[in-house]
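The values are calculated or read from the model by the stated rules, or taken from the named source; none is laboratory data. Remember, it's a predicted structure, so these values are computed and weren't measured experimentally. Here the Cβ positions follow ideal geometry from the backbone for every residue, glycine too, while neighbour counts run over all protein chains shown. These accessible areas exclude ligands, DNA and RNA; they are computed on the full protein's heavy atoms, side chains included. Shrake-Rupley method; radii C 1.70, N 1.55, O 1.52, S 1.80 Å.
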Amino acid sequence: MPSLKPVYFFVLKVAIIYGVLLIPWPGVMTGYRVLFCAGGNTFFRTLGGDGRVYFRALEHPTRTKDIEAKVENVRTRTTGTLEKDSRMMGYLPTCFTISLIAATPIPWCRKGVALLAGVALISMFAGLQIWLFLMEGFSSASPLAVYTLSPFWRKAIIVLIRILYMTPVTAYIAPVIIWALICIRREDLQRFLPQSGFARVSPVSQAARS
């Protein structure tokens, strides 16, 4: 019968690390908001030539909104505001990604590289969500519009927003996919789960069984 002890131990380590990261350590969430807004201002300041975006952390954050993006069409001088939750969009997925990688029983050299790659990829995932929101706003039927999109692409952006942002489970699915891509190799499954069926059965063993 396959041994599930390595799986149970891995899940326990993930839960412990994730729980530690979710403790409201003083200044951590405030610092993350600053970094989140700095990243947004670096990569999304100018969109479509006439589009401008300015991110800042809200002075009085709530449970569902803690950052603000002021958007502007400099040609029409039309402005708007988007308020979003950086915790759900970026912090929780990042913490879960770190937990999965840190709990994985692989050499520390691989783990260090995987942590850097994982944080970078999950940050890109958060950036994709921001980009979708900005594209939805800058392609709306209003003076704020910078882009003209077909109905198909407008609908595609709205659907992606619902899947990637409005569906809470996505914040945990994305880290699992990233973790599997950058951490798990076939030899790891064979080494850590030798009785689970992942290990390769040699032709000699197959012949002996027959």
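For D66, what residues show an amide H to amide H distance below 5 Å, using hydrogens built from the backbone and excluding near sequence neighbours?
Amide H neighbours of D66: K84, D85, S86.
Can you give me the relative contact order of the chain as a percent, contacts being Cα pairs under 8 Å and 6 or more apart?
Relative contact order, the chain: 21 percent.
To test your reading of the geometry: what angle, between 0 and 90 degrees and rounded to tens, separates the Cα axis of helix 92-103 from the longest principal axis of the chain?
Orientation of helix 92-103: about 20 degrees from the principal axis.
Relative to the first principal axis of the alpha-carbon coordinates of the chain, what is the inclination of helix 151-164, with its axis defined by its Cα atoms, in degrees from 0 to 90 and to the nearest 10?
50 degrees
Any idea of the accessible area per residue across the chain, 1.4 Å probe, to the nearest Å²?
61 Å²
Provide the packing ranking of 43-54, 128-139, i.e. peptides ordered by the mean count of other C-beta atoms within 10 Å per residue, highest first.
Packing proxy ranking, top to bottom: 128-139, 43-54.
Taking the highest mean first, how do the peptides 154-160, 25-31 order by number of other beta carbon atoms within 10 angstrom per residue?
With the highest mean Cβ count within 10 Å placed first, the list reads 154-160, 25-31.
Can you give the convex hull volume per residue for the Cα atoms of the chain, as a whole number of Å³?
166 Å³
I'd like the orientation of helix 108-138 relative to the chain: the angle between its Cα long axis and the longest Cα principal axis, in ° from 0 to 90, rounded to 10.
30 degrees
If I compute solvent accessible area with a 1.4 Å probe over the protein chains, what percent of it on the range 25-141 is carbon and sulfur?
The computed percentage sits at 64.
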